[in-house]
Amino acid sequence: MLKNKSALVTGSTSGIGLGLARALARAGANVMLNGFGDAAAIELLRRELATATGVQVLHHPADVSKPAEVAAMVAATEQAFGGVDVLINNAGIQFVSPVEDFPLERWAAIQDVILNASFYSIRAALPGMKRRNWGRIINLVSTHGLVASPFKSAYVAAKHGQVGLTKSVALEVAEVGITCNAICPGYVLTPLVQGQIESQARVNNLPPERVIKEVILAVQPTKRFVEIEDIAALAVFLCSDAAKSITGAAIPIDGGWTAR
Ligand code: NAD
């Protein structure tokens, strides 16, 4: 389905981003991976994915909070694959704290990695998409782009900002074959959520197993974590021709969380 297309997925050395990269490669797209981690492990991942799918897979080490590095990553993807047809802004970090104690540098880092980075990459990738009259931009947001939770002020603010950015970009490019959507997952068991379980345990003074049951999955009516494969399947669908009229949407995939 995505043969002769190429995808750039930020934060794809781990968790949801890696699942998105795998699904896009399986659908036929050449993939630029991005994210931090052990260089040898990333190289192994890159080679395994290329061998398993037969597409080209590269990795770019850009720190997405740095505009010049993001621009260089977009340019490198265009150079290697002929364009960025699919852009997924997935890189994210989290920090949990009461608002009055929230460290200023953690607030700034969360805005930079989540909201500002999405702007930097969209800004850099759009001219090429416009030239080709085709593009799919997906911001991997969160239920926290639609509703809030306590102690997550920076993350909730950045994620709500990403939904606003999604809508604005969608309107700007609606007539030129480019869609821009937000996927808003509920809780997914990834390293990022493992970290939250530990910090929520500290903030709420609860053991981790009670945090999973009483804090994390309490908000998710299915009482199950959302699976990475389900999010990846939705992203691949949004890249299809059948999804050409879905734009400016913030799509929940949250086990019923926002139905309450
Ligand atoms: P993760 O920690 O497993 O992966 C995060 C990825 O982002 C890693 O590859 C990491 O190297 C990369 N990254 C972090 N900072 C970066 C930077 N400055 N530059 C480049 N890459 C950077 O997390 P995850 O749970 O897979 O989260 C992925 C996205 O999904 C995030 O935006 C997160 O907010 C969102 N999300 C997660 C959940 C969940 O429950 N896990 C739910 C909803 C939304």
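The values are calculated or read from the model by the stated rules, or taken from the named source; none is laboratory data. Since we're looking at a predicted model, the values are computed, not measured. Backbone-built Cβ (ideal geometry, glycine too); neighbour counts: all protein chains shown. Areas reflect the complete protein model, heavy atoms only, side chains present, ligands, DNA and RNA absent. Shrake-Rupley method; radii C 1.70, N 1.55, O 1.52, S 1.80 Å.
Points to keep in mind about this one:
- 14 Å beta-carbon shell around residue 90, net charge (K/R +1, D/E -1): +3
- Spatially proximal lysines relative to residue 223 (Cα-Cα < 17 Å; intrachain offsets below 8 disregarded): 213
- Candidates 125, 250, 75: whichever shows maximal mean-square fluctuation once the chain is modelled as a Gaussian network with Cα springs under 10 Å: 75
- Projection of the Cα convex hull of the chain, averaged over all directions and equal to a quarter of that hull's surface, yields 13.4 nm².
- Residues considered: 56, 79, 111. Largest GNM mean-square fluctuation over the chain, using C-alpha springs under 10 Å, is found at 79.
- Accessible area per residue (1.4 Å probe, heavy atoms of protein chains only) ranks 107, 134 as 107, 134, with the largest value leading.
- Max mean-square fluctuation residue, GNM over the chain, Cα-Cα springs under 10 Å, options 122, 178, 212: 212
- Averaged over residues, the count of other Cβ atoms within 10 Å places the peptides 222-230, 4-12 in the sequence 4-12, 222-230, highest first.
- From phi via Karplus (6.51, -1.76, 1.60), per-residue ³J(HN,Hα) for region 97-104 in Hz, x at Gly/Pro: 6, x, 4, 5, 9, 4, x, 4
- Listed by chain and number, the lysines whose alpha-carbon sits under 25 Å from that of residue 5, ignoring those within fewer than 8 places in the same chain, are 130, 167, 244.
- Along principal axes, Cα extents of region 4-49, largest first, whole Å: 29, 18, 13
- With q set to 0.14 Å⁻¹, the log10 of I(q)/I(0) for region 1-137, from the Debye formula over equal scatterers at the Cα positions, is -0.61.
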